[in-house]
Amino acid sequence: MKNNERQYIIWQNRAYTYYIAARLLNMKRLYGPATFCAYQALELILKATLIFWDKSFIPDIAGHKFIKMIKAMKNKVPNGKSINIPEYFYADQRYLSVSRYPIAGKGVGIPSTFITDLDETFVKLIMLVPFQFNSNLLHALRGANHSELAILRKANKHIRLLRRHLRPLLIRTA
């Protein structure tokens with residue numbers, strides 16, 4: 001296994017944890033924490049994608065510069081131009097900061113499409129990387145953790161697309 005592949009899985013696993021947390025928190029109507037976790041999930045999977053494709057990418061230097069990472073993805077990742085991350089996830093870092101720290105005059109807007117947008121974006125970012133091996137996401141899709149699988153599947157309009165994309169791995173190693 002190459003270093004970029006190993007690092008990708010490490011970062012994808014962390015992103016997946018925040019993704020599941022965002023979905024669960026949203027189900028429990030804990031919207032502030034759900035938005036923070038959604039932001040973290042997208043930032044981490046974006047970093048994972050860049051780690052895989054761009055040898056010059058250094059996550060620590062990138063920090064929380066979401067717009068710069070999106071531009072890098074569109075320039076350096078095959079099919080990266082096809083991904084559109086809804087701006088509300090990263091605009092003014094509201095989901096990153098305002099969801100945790102009260103700031104006078106600023107709120108956290110959560111559209112009715114929040115979870116659908118999160119699911120679509122997360123799945124499309126996963127699909128940009130051809131290397132998937134022994135990740136927490138694969139374990140969940142195989143049913144290794146029934147409660148995680150239930151959270152992942154609940155009202156997820158993109159689960160079929162994800163399963164279709166990962167099908168060879170789900171069948172081969174199940």
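The values are calculated or read from the model by the stated rules, or taken from the named source; none is laboratory data. Since the structure is predicted, the reported quantities are computational estimates derived from the model, not experimental observations. Glycine gets a Cβ as well: all are built from the backbone with ideal geometry, and neighbour counts include every protein chain shown.
Listing for the model above:
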{"read-out": "Tally of residues being within 21 Å of N75 (Cα to Cα) and of a type in the set (F, W, Y) across the stretch 10-55", "value": "3"}
{"read-out": "Filter result (among the polar types (S, T, N, Q) and surrounded by 19 or more Cβ atoms within 10 Å (Cβ to Cβ)) within the stretch 115-135", "value": "T121, Q132, S135"}
{"read-out": "Residue within the stretch 104-114 that is closer than 29 Å to L138 by Cβ, modelled with pLDDT of 95 or more and surrounded by 15 or more Cβ atoms within 10 Å (Cβ to Cβ) present", "value": "yes"}
{"read-out": "Inter-residue pairs, beta-carbon under 7 Å, first under 17 Å from L24 (Cβ atoms) and in the stretch 107-132, second basic (K, R), 6+ apart", "value": "I115/R23; T116/K157; D119/K157"}
{"read-out": "Single condition V77 does not satisfy, out of (1) within 25 Å of N3 (Cβ to Cβ); (2) of a type in the set (V, I, T); (3) touching a helix residue (DSSP H, G or I) at 6+ places or on another chain (Cβ under 7 Å); (4) at pLDDT below 95", "value": "(4)"}
{"read-out": "Test: L169 is assigned to a helix (DSSP H, G or I), surrounded by 13 or more Cβ atoms within 10 Å (Cβ to Cβ) and over 16 Å from the mean Cα position of the chain (by Cα)", "value": "yes"}
{"read-out": "1 or more residues free of Cβ contacts under 8 Å to residues at least 24 places away in the same chain and within 18 Å of D119 (Cβ to Cβ): qualifying helices (runs of 4 or more DSSP H) within the stretch 1-97", "value": "3-27, 31-53"}
